[in-house]
Amino acid sequence: MIYIRKRRTPDEVKKKVEEIKRTPDNGYDELELPENTKQLRNLFEQMPKDQIRSALFEEQHGLCAYCMKRITSSSQKMKIEHYEALSENKELALDYQNYLGVCYGGEKDGDNKSHVLCCDAERKDRKLTINPWNKRQMEAIGYYRSGEIFVRQDEGLDPELVEKMQKDIDNVLHLNGEKDSDGRIIRDTATQLIAGRRSICDSVHSQFERWDKKHQLTPEFLQDKILKLEKQLEENNIADEYIGVRLYLYKRKQKKLRKHFS
Ligand SMILES: [Zn+2]
């Protein structure tokens, strides 16, 4: 997961929401949750989804908000996710500021029952504590060489928060596939998230070896690489899948090197 800088609600989306709320036949004011979830969903369906998807695609640089796999702005490759579930919050149900672009989490990858779903396909309406719009939280995300994603305890977050975030990762979003009762990973997700992240880890470690052999591996050298990666997360650039993994490993290595050189 990486930090997502939420942008302004597109004007066209804003206008349409006001129109939906104002139209007496829609009965927005009278809707009560959770009883009228279905009616509220019908109102959500009236929203300009294409505009919403393309705005989300741009602000997330083409990556699923949860797993960092490639999404596109087409409805085939992106779902509009309500961070606060539609059935829980009427005001936010029609609010762009509550939306994330997410992948299908393996839902479309055949009908194999052993498939482990992830992201919204696994979460459904469950509540989340982990939040991709929260910079401090996102800076505490780390990756093991195995490809496993975890929340670091040495980033100054409250231990209780760390535990909740890790539970969201493991049990609600299933970003570590299926784990046994000892917390060991026994199966990757249908979308192969662990394998995908592991291959980035492998690639970074062989880069480090190569650079080290050439005596290039210094904090300054890595700073240049980090800035180049961060550039992918600016403006409307499209970022590499799993970019957070590479960024994390570069920054961690840089920190180690700085200690070593000081
Ligand atoms: Zn995803």
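Read the figures in this text as sums done on the coordinates, not as results from a lab. This one's a predicted model, so the numbers in the text were calculated from it and none came from an experiment. A quick note on method: Cβ atoms are made from the backbone with ideal geometry, for glycine too, and the neighbour counts reach across all protein chains shown.
State which residue is farthest from the ligand (Cβ to nearest atom) when the search covers only the range 58-73 and only residues that are within 9 Å of the chain's Cα centre (by Cα) and at negative phi. Explain how you work it out, then say what you get.
Let us first name the residues in the range 58-73 that are within 9 Å of the chain's Cα centre (by Cα), namely 60, 63-69.
Remaining after also requiring at negative phi: 60, 63-67, 69.
Details: 60: 11, 63: 8, 64: 3, 65: 7, 66: 5, 67: 3, 69: 5 Å.
Filtering first and then ranking leaves 60.
List every residue pair whose Cβ atoms sit under 7 Å apart, with the two residues 6 or more apart in sequence or on different chains, where the first one lies in the range 192-219 and is surrounded by fewer than 16 Cβ atoms within 10 Å (Cβ to Cβ) and the second, anywhere, is among the small types (Gly, Ala, Ser).
195/147
Starting from residues that are over 22 Å from residue 137 (Cα atoms) and of a type in the set (A, V, I, L, M), keep the ones in the range 149-194 and report whichever is farthest from the ligand (Cβ to nearest atom).
Among them, the one singled out is 186.
Looking only at residues in the range 135-175 that are in contact with a strand residue (DSSP E or B) (Cβ under 8 Å, 6 or more places away or on another chain) and assigned to a loop (DSSP other than H, G, I, E, B), which one is surrounded by the most Cβ atoms within 10 Å (Cβ to Cβ)?
175
Scanning for something within 14 Å of the chain's Cα centre (by Cα), away from the ligand (no atom under 16 Å from the Cβ) and charged (D, E, K, R), does the range 120-136 turn up at least one residue?
Scanning the range 120-136 turns up at least one residue that is within 14 Å of the chain's Cα centre (by Cα), away from the ligand (no atom under 16 Å from the Cβ) and charged (D, E, K, R).
Being assigned to a helix (DSSP H, G or I) and either touching a helix residue (DSSP H, G or I) at 6+ places or on another chain (Cβ under 9 Å) or closer than 14 Å to residue 191 by Cα (or both) is the filter here, so list the residues in the range 51-79 that pass it. Lay out the reasoning, then the answer.
Going residue by residue through the range 51-79, those that are assigned to a helix (DSSP H, G or I) are 51-59.
Those that are assigned to a helix (DSSP H, G or I) and either touching a helix residue (DSSP H, G or I) at 6+ places or on another chain (Cβ under 9 Å) or closer than 14 Å to residue 191 by Cα (or both): 51, 52, 55, 56.
Would you mind telling me which numbered condition in (1) within 16 Å of the ligand (Cβ to nearest atom); (2) in contact with a Leu (Cβ under 7 Å, 6 or more places away or on another chain); (3) of a type in the set (Lys, Arg) residue 197 fails?
(2)
Can you tell me which of 199, 206 is at negative phi, under 21 Å from the mean Cα position of the chain (by Cα) and either outside any helix (DSSP H, G or I) or of a type in the set (Ser, Thr, Tyr) (or both)? Spell out how you get there, then give the answer.
Values: 206 fails: under 21 Å from the mean Cα position of the chain (by Cα).
Residue meeting the stated conditions: 199.
Which of the residues spanning the range 80-134 are within 20 Å of residue 149 (Cα to Cα) and either part of a helix (DSSP H, G or I) or free of Cβ contacts under 8 Å to residues at least 12 places away in the same chain (or both)?
Those that are within 20 Å of residue 149 (Cα to Cα) and either part of a helix (DSSP H, G or I) or free of Cβ contacts under 8 Å to residues at least 12 places away in the same chain (or both): 119, 120, 121, 122, 123.
Are any of the residues in the range 23-44 part of a loop (DSSP other than H, G, I, E, B) and under 15 Å from residue 175 (Cβ atoms)? Even if it seems obvious, please write down each step before you answer.
The first filter runs over the range 23-44 and keeps only residues part of a loop (DSSP other than H, G, I, E, B), leaving 23, 27, 31-36.
Filter once more, keeping what is under 15 Å from residue 175 (Cβ atoms): none.
So far as the range 23-44 goes, no, none of its residues is part of a loop (DSSP other than H, G, I, E, B) and under 15 Å from residue 175 (Cβ atoms).
Does residue 55 fit the bill of being among the hydrophobic types (A, V, I, L, M, F, W, C), under 30 Å from residue 200 (Cα atoms) and away from the ligand (no atom under 16 Å from the Cβ)? So that I can check it myself, show each step before the final result.
On the way: among the hydrophobic types (A, V, I, L, M, F, W, C): yes; under 30 Å from residue 200 (Cα atoms): yes; away from the ligand (no atom under 16 Å from the Cβ): yes.
So residue 55 fits the description; yes.
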